[in-house]
Amino acid sequence: MKKYDLIILGGGSAGFSAALRAVEFGAKVLIIEENVIGGTCVNRGCIPSKYLLYASEMAGTDNMKNIKGIEVKTSFNIKKIMQQKKKIIGSRYFSGHRRLSSK
Ligand SMILES: Cc1cc2nc3c(=O)[nH]c(=O)nc-3n(C[C@H](O)[C@H](O)[C@H](O)COP(=O)(O)OP(=O)(O)OC[C@H]3O[C@@H](n4cnc5c(N)ncnc54)[C@H](O)[C@@H]3O)c2cc1C
């Protein structure tokens, strides 16, 4: 049976940052997550909502060509915006996860 110094229930912002800090101190950590690592902030809260706000603020500006899903006629392609939002969430999760796993 594997042994851990710390077992954390929930892989949201709180659990994830506690795990990272414990790993920095050399602890062997297990996160138990019943849904998706990242919790509310990464998957439904801060990151997705800020990306959607940013995308809508860029509409009609010179920067809108940098936003996937806002097309030339300043129309919203909500499907592409949601895909890009998913991509951003994925990349944040995987970079954090890799950092944790490599310790
Ligand atoms: C729309 C929106 C926008 C937000 N914007 C911001 C912002 O800009 N800045 C900011 O600071 N905060 C923001 N927040 C708040 C932020 O998301 C929360 O403060 C943060 O997610 C809390 O983290 P947490 O780890 O405590 O809880 P959560 O992120 O909710 O994580 C808890 C995790 O525990 C898991 N879990 C629960 N019970 C169990 C169990 N029994 N076994 C296993 N796993 C379990 C859940 O599945 C979940 O993944 C926003 C929230 C929302 C909804």
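The values are calculated or read from the model by the stated rules, or taken from the named source; none is laboratory data. In this text, all values refer to a predicted model and were calculated from it rather than measured experimentally. Here the Cβ is made from the backbone with ideal geometry for all residues, glycine too, and neighbour counts use every protein chain on show.
At a glance:
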| quantity | calculated |
| --- | --- |
| Only one of G45, G12, G39 that is in contact with a Cys (Cβ under 9 Å, 6 or more places away or on another chain), surrounded by 12 or more Cβ atoms within 10 Å (Cβ to Cβ) and of a type outside the set (D, E) | G12 |
| Considering residues of the range 48-66 that are away from the ligand (no atom under 16 Å from the Cβ) and part of a helix (DSSP H, G or I) only, the residue surrounded by the fewest Cβ atoms within 10 Å (Cβ to Cβ) | D62 |
| First in the range 30-42 and touching a residue at least 12 places away in the same chain (Cβ under 8 Å) and in a strand (DSSP E or B), second anywhere and among the basic types (K, R) and more than 6 Å from the ligand (Cβ to nearest atom), Cβ under 8 Å, 6 or more apart | L30/K2 |
| Filtered residue count, the range 11-29, keeping only those that are part of a loop (DSSP other than H, G, I, E, B) and either hydrophobic (A, V, I, L, M, F, W, C) or over 15 Å from the mean Cα position of the chain (by Cα) (or both) | 4 |
| Odd one out for T40, checked against (1) near the ligand (Cβ under 8 Å from one of its atoms); (2) among the hydroxyl-bearing types (S, T, Y); (3) under 14 Å from I88 (Cβ atoms) | (3) |
| When residues of the range 22-36 are limited to those that are among the β-branched types (V, I, T) and at pLDDT 95 or above, the one surrounded by the fewest Cβ atoms within 10 Å (Cβ to Cβ) | I32 |
